[in-house]
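So the structure is just underneath, and the comments pick up after that.
The values are calculated or read from the model by the stated rules, or taken from the named source; none is laboratory data. Remember, predicted model here, so these are calculated numbers, not experimental data. For neighbour counting, all protein chains shown are included, and Cβ atoms are generated from backbone atoms with ideal geometry for every residue, glycine included.
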Amino acid sequence: MIGGIAFATPASGRAQSTADANTSFILFGNRAEAFQPQAQNPQTYEVVFSESVRGLVLGAPVEFRGIKIGEVADIRAQIDYRTFRFSVPVTIRLDPRRFGIQVHDLKTGEDLATIRRKLIDSLVAHGVRAQLRMGNLLTGAAFVAFDFFPSSARTSVDWSQNPPQLPTVPGQLEAVETSVTDLLKKLDKLPLQQIGYDVQKTLADVDLTLGSARGTLDNANTTFNSATTALNSASTALNSTNDLIQPSSAQLEQVDQTLEEFRRAARSVRVLTDYLEQHPEALIRGKRGEGQ
């Protein structure tokens, strides 16, 4: 319950001779660390970050595309007294075997260190860079990740430094902050106030145009109503005319009766005229009776 020290022999471990008296053994923090294969001839490099390394601790993993290839050995801070630029050099130890470097049967004159340098140079030339990443959002633990960044600026490893410095790229969070900062700078350069004035003027012009269009529509509506009234009046007149010329209409019968009376009066006038031509004395004596 309280805990203690456990001893075990890995199943894949090599058989070794009995330890001598007073031999020192490494005490690991947990079983996973204890059974993890120990690095053989680890290579030491340095990566420099210009961002916050909060969450990065000694022993934090160094990964290459998700595969652990080493661990963080040292973290320190430095300030350039000329530019007052702050940076954090991080020392890492890489296990060449976990990189997949396995060299067998070296030929005479071949140097294993030279072969490893060529591999590192080739990876850097193809865009491999170190980046600080967040490993656990709950605990805030960070780690160093190596990955391919083809669009990164071309560079090379300076092997004259000790330890050699590998190139880095901004972390994910810093990249987002940089993008947001660039966006804000671009927005600051935009003449937003002038754009606002232009938009207001445009809206005012649109409002005037809509008012004019509304007046035109009202006039058109009035004209349409007048035309409708005129059409209704014309329709009424046509209906009245149609009623007038119907064969059975009362007005037509009255006209026929009047014309008949005119015809009768005309006949009477002709008869009177003919009689006076034959008997002009009738104007004085009057019309003579029968037998007179």
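Of the residues making up the stretch 133-172, those that are assigned to a strand (DSSP E or B) and either more than 29 Å from the chain's Cα centre (by Cα) or β-branched (Val, Ile, Thr) (or both) are ALA142, PHE143, VAL144, ALA145, PHE146, ASP158, GLN165, THR168.
The rows are residues; the columns are (1) in contact (Cβ under 8 Å) with a residue 60 or more places away in the chain; (2) in contact with a strand residue (DSSP E or B) (Cβ under 6 Å, 6 or more places away or on another chain); (3) outside the structural domain of ARG133 (by TED's automatic domain parsing).
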position	(1), (2), (3)
THR44	yes, yes, no
PHE64	yes, yes, no
ILE67	no, no, no
GLY70	no, yes, no
TYR81	no, no, no
PHE86	no, yes, no
THR91	yes, yes, no
ASP95	no, yes, no
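Would you say VAL103 is modelled with pLDDT of 90 or more and either aliphatic (A, V, I, L, M) or not assigned by TED's automatic domain parsing to the domain that holds PRO170 (or both)? Answer is no for this residue. Checking each residue of the stretch 53-73 against the condition of being touching a Pro at 6+ places or on another chain (Cβ under 9 Å), surrounded by fewer than 17 Cβ atoms within 10 Å (Cβ to Cβ) and part of a loop (DSSP other than H, G, I, E, B) gives no match.
Listed by first and then second residue, the pairs with beta-carbon distance under 9 Å, at least 6 apart or on different chains, first residue in the stretch 1-21 and over 15 Å from GLN36 (Cβ atoms), second at pLDDT 80 or above and among the aliphatic types (A, V, I, L, M), are ILE5/LEU27.
All of (1) under 23 Å from VAL72 (Cβ atoms); (2) modelled with pLDDT under 90; (3) of a type outside the set (Phe, Trp, Tyr) hold for GLN131 with one exception: (2).
Taken over the stretch 38-52, the criterion of being assigned to a strand (DSSP E or B) and either among the β-branched types (Val, Ile, Thr) or touching a helix residue (DSSP H, G or I) at 6+ places or on another chain (Cβ under 6 Å) (or both) is satisfied by THR44, VAL47, VAL48.
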